[in-house]
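The structure under discussion appears below in the form of structure tokens.
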Amino acid sequence: MTPRILETASDWRASDIADEEGWTLRLSAADVAEIDAALAHAKAKGSDLLDVTKVDFPLPLLAGKLARLEDDLINGRGFCRIAGLPVERYSDDDASLIYWGIGMHLGKPWPQNKHGHLLGDVTDQGKSGADPTSRGNEIGGVAFPYHSDGSDLVGLMCLRKAKSGGISTVANAVAIHNELVRTRPDLAALLYEPQPYDYRGEQPEGGQPFYFVPVFTEHGGRLFVRYIRPYIESSQRHADAPRLSAKAREAFDLVDAMCADPAFNVYMDLEPGDMQFVNNYHVLHARTAYEDWPERNRKRHLKRLWLETAQLTDRPERFRNFSSHWSKNRTKSELKMDA
């Protein structure tokens, strides 16, 4: 196939979005009052966070702001920050319910792993990146490379920051795609070919331990990106997975270099209570290395949502929230870090 320039409305450079207020929704006192009322309403409905729907978390005026934000995530810049929630006023459970309720206004929950976690914990869980079955949300301290997650939108809410480091950063995959089409169409075309991904031990029972998905997919005039290089590289531990070519690694190296180029990325230091939402198909995300606090109740801790947005009515098959072994359970991560 011959790759072509796509979705220029979402093709930004860092200089275009230098003003962070342009991608930050700062909650007003009235917004926080609405959130507090919605929290009380949701808690009165029942004790299980997973049963709370958009209707159960009513946000009469803030809902309009969130709808505009959702549109911009899919059709515009592709990322945002929500700031100004006084998270110190809430327990971790109440803060998580607030985050869940706001998330339900942006989409439907999507399972994040074989356990069916719809709300996840991102904190040091003692796993090593050298463990081929570890997942990113379980690994502490080390930097993460730019990657996408397995849903339309990924959201993070900061409960507590690290002692130092752990800065979130995003890179514009649309701009990177379009620049490759202009300057290295051979590598762009290669990235439209299916690449092997390691299931990292979370494949269906008796199923193949790897699967295939291209880095770039064009569908209905839109660009869909899936890029998790560590999972591509770890597919090579399986003898029957196709071997990666030197040219494929050249393409991955160039994508990585472009993600690290300040022209294509933006850093944001999430404060406690801040929420970040990212369009996984247009924006890759990463984090810097960090030093954590020694006390468990001070450790860096974020909550994570994967969401299916109503803004997308058509997706390639591989990008659909289809029923799988991951969706057999409907659970949430139960880590307690504030005690």
Strands (runs of 3 or more DSSP E) fully within the stretch 261-301 counting 2 or more residues that are over 20 Å from the mean Cα position of the chain (by Cα) and closer than 23 Å to R229 by Cα
none
Candidates E233, E218 - the one that is assigned to a strand (DSSP E or B) and over 19 Å from the mean Cα position of the chain (by Cα):
E218
Checked the stretch 322-339 for anything surrounded by 13 or more Cβ atoms within 10 Å (Cβ to Cβ) and either within 15 Å of the chain's Cα centre (by Cα) or acidic (D, E) (or both); matches are D338
Qualifying positions in the stretch 117-133 - of a type in the set (G, A, S) and buried (at least 18 other Cβ atoms within 10 Å of the Cβ)
G120
Looking at D72, is it at pLDDT 95 or above, charged (D, E, K, R) and under 19 Å from the mean Cα position of the chain (by Cα)?
yes
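One line per residue, one yes/no per condition, for (1) touching a helix residue (DSSP H, G or I) at 6+ places or on another chain (Cβ under 7 Å); (2) in contact (Cβ under 8 Å) with a residue 40 or more places away in the chain:
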position: A171; (1), (2): yes, yes
position: A175; (1), (2): no, yes
position: T183; (1), (2): no, no
position: A189; (1), (2): no, yes
position: Y192; (1), (2): no, yes
position: Y199; (1), (2): no, no
position: V213; (1), (2): yes, yes
position: T217; (1), (2): no, yes
Within the stretch 43-58, the count of residues that are under 10 Å from M104 (Cβ atoms), buried (at least 17 other Cβ atoms within 10 Å of the Cβ) and aliphatic (A, V, I, L, M) comes to 1
Residue hits (the stretch 286-303; touching a residue at least 12 places away in the same chain (Cβ under 8 Å) and surrounded by fewer than 22 Cβ atoms within 10 Å (Cβ to Cβ)) are A286, T288, A289, Y290, E291, D292, W293, R296, N297, R298, K299
Qualifying positions in the stretch 242-259 - under 14 Å from A189 (Cα atoms) and surrounded by 18 or more Cβ atoms within 10 Å (Cβ to Cβ)
A248, A251, F252, L254, V255
Which ones in the stretch 236-260 are assigned to a loop (DSSP other than H, G, I, E, B), small (G, A, S) and in contact (Cβ under 8 Å) with a residue 12 or more places away in the chain?
A241
Of all residues in the stretch 100-138, count the ones that are assigned to a helix (DSSP H, G or I), of a type in the set (G, A, S) and touching a residue at least 24 places away in the same chain (Cβ under 8 Å).
2
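The values are calculated or read from the model by the stated rules, or taken from the named source; none is laboratory data. Everything quoted here is computed from the prediction, not taken from an experiment. Backbone-built Cβ (ideal geometry, glycine too); neighbour counts: all protein chains shown.
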